[in-house]
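Comments concern the structure below.
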Amino acid sequence: MRRRLVLAIGAILVPVLGLGYRSDPPDRARFLSSVPWCETCRYFGGISGLEVTEDGMRFIAVSDAGWIGRSEFTRENGVMVEAKDAPLRRVGRKPAQSASDDKERQDSEGLALSADGRLFISFEFRQQIVEFFAPDEALSPLPRHQDFPGMWENFSLEAVAIDDDGALYTLPERPKFLAKTFTVYRLRDGRWDTSLSIPRRKPFLPVGADIGPDGKLYILERHLGGLLGFSSRVRRFDLGPGGIGNEETLLETGPGVHDNLEGLAVWRDSDGLIRLTMVSDDNFRSFQRTEIVEYVVPE
């Protein structure tokens, strides 16, 4: 994204200043572990979308340069201790040149995985969502809502999620005209509707989304607090016939606790508890890091 240098300025000074702190809301998300990923992989960086399998052992990640990778976790007593390196492949039958090749036109951000194995990627600069089954398969663009072309290029479709019925959900990173809500666009049976929305709680902006195994909508949000670095927040909403409601804040970190978390995957562990697994986008900057972070939501 065009704002990457601005986002990275704060991140470079956080380790030096040592100002990060973690703030876990009582009886909400509790930190479990954080591990680096693929530090020596070729063409690596910019990871912005994540999906985790139902058993929590495998994952798929997409970068904002149009690369995708599949890998596995090593866990000890259920706690993530390693994310194994994995080769990254360019999606959509495009030849590999470099990690940042044609980055602005690619700018793949959100990732969703359907029950039948289909993958969906949201593209921010294209303001579009595409569908495919395998990394070397041609991408099939989905219909665009009439609002999409008018969204801010740099703040549009960062997040995409899919429910058990196959309905897709997306929302812009920043609403236009300082709106107090974010429209949640839902695609069902080939048609978009705009009947859903979530409240805007400043200063955070949404960058990732997932539908949990509990059928609820989870939103990962980010804020860059100047030189202090990135803060992250996860909110959860009931999603039913009456719309979106029952807002809960599960996690809100102080600046510098994690890097630039952008991808969110929600799954249920063997104890029946909800896990929040998130990945950071290092903006292709050597002084940032790609980390996979995991929290558990006690019931």
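The values are calculated or read from the model by the stated rules, or taken from the named source; none is laboratory data. Bear in mind that the values here come from a model prediction, so they are computed numbers and not experimental data. So basically every Cβ, Gly included, is an ideal-geometry build from the backbone, and we count neighbours across all protein chains shown. The accessibility values were calculated without ligands, DNA or RNA, using every heavy atom of the protein model including side chains. Shrake-Rupley method; radii C 1.70, N 1.55, O 1.52, S 1.80 Å.
Carbon and sulfur atoms: what percent of the 1.4 Å accessible area of the stretch 181-299 do they account for?
Values: 1820 of 4110 Å².
Using a 1.4 Å probe with all protein chains present, the stretch 181-299 comes out at 44 percent carbon and sulfur.
Can you pull the one-decimal nm distance between simple spin-label points at Ala134 and Arg89, each 7 Å off the Cα toward Cβ?
0.7 nm
Keeping all protein chains in place, calculate the accessible area per residue for the stretch 189-248 (probe 1.4 angstrom), answer in Å². It would help to have the intermediate numbers written out before the result.
Details: 2400 Å² over 60 residues.
Spelled out: the 1.4 Å probe surface of the stretch 189-248, per residue, equals 40 Å².
Got a sec to turn the phi values of the stretch 150-155 into Karplus ³J(HN,Hα) couplings, 6.51 cos²θ - 1.76 cosθ + 1.60 with θ = phi - 60°, whole Hz, x for Gly and Pro?
x, 6, 4, 4, 8, 9
Collect residues whose amide H, placed 1.01 Å from N in the peptide plane, falls under 5 Å from the amide H of Trp267; neighbours closer than 5 in sequence don't count.
For Trp267, whose amide H was placed from the backbone, the distant partners under 5 Å are Arg275, Thr277.
For the stretch 144-299, list log₁₀ I(q)/I(0) at each q in 0.12, 0.16 Å⁻¹, using the Debye formula over Cα point scatterers of equal strength and ignoring solvent, two decimals each.
Reported log10 I(q)/I(0), two decimals: -0.51, -0.92.
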